[in-house]
Amino acid sequence: MAIEVKIPAVGESITSGVVSAWHKKSGEFVNEGEALFTLETDKVSTEINAEKDGVLQTLVAEGAEVKIGDVVATIEEGGGDA
């Protein structure tokens, strides 16, 4: 089952940000708690971590502007058995 990676709310007045850098590539196995990407806003820069172990599939490119709540990737659980 795939888990959606969404842009979290990072402040009351912040409605969007930029995926400034992916720390993991699409197709890579990620562990829970690992940094997936850095989200930059006009007020804060924060790393977004994996919620589960699995294979990452990115849906947006580095430098893309995203809104709070947007799905930017999925993590397919159980993909590390191969």
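Coordinate-derived values only; no laboratory data. All of these numbers come straight from a predicted model, not from anything done at the bench. Glycine gets a Cβ as well: all are built from the backbone with ideal geometry, and neighbour counts include every protein chain shown.
Whole-Hz Karplus ³J(HN,Hα) for region 18-28, in order, using 6.51 cos²θ - 1.76 cosθ + 1.60 and θ = phi - 60°, x for Gly and Pro?
10, 6, 7, 7, 7, 8, 10, 9, 4, x, 7
Post the alpha-carbon centroid distance, region 1-52 to region 55-69, in whole angstrom.
8 Å
Quick one: putting +1 on the C-beta of Lys and Arg, -1 on the C-beta of Asp and Glu, what dipole do you get for the chain around its Cα centre, in Debye to the nearest 20?
For the chain, the charge dipole is close to 180 debye.
Report the full-extension gain for the segment Asn31 to Asp53: residue separation times 0.36 nm, less the Cα-Cα distance, to one decimal in nm.
Extending this stretch completely gives an extra 7.5 nm.
For Lys52, what residues show an amide H to amide H distance below 5 Å, using hydrogens built from the backbone and excluding near sequence neighbours?
For Lys52, the qualifying residues are Gly33.
PRE reach from Glu62 (point 7 Å along Cα→Cβ): which of region 1-28 fall under 13 Å by backbone N?
19-26
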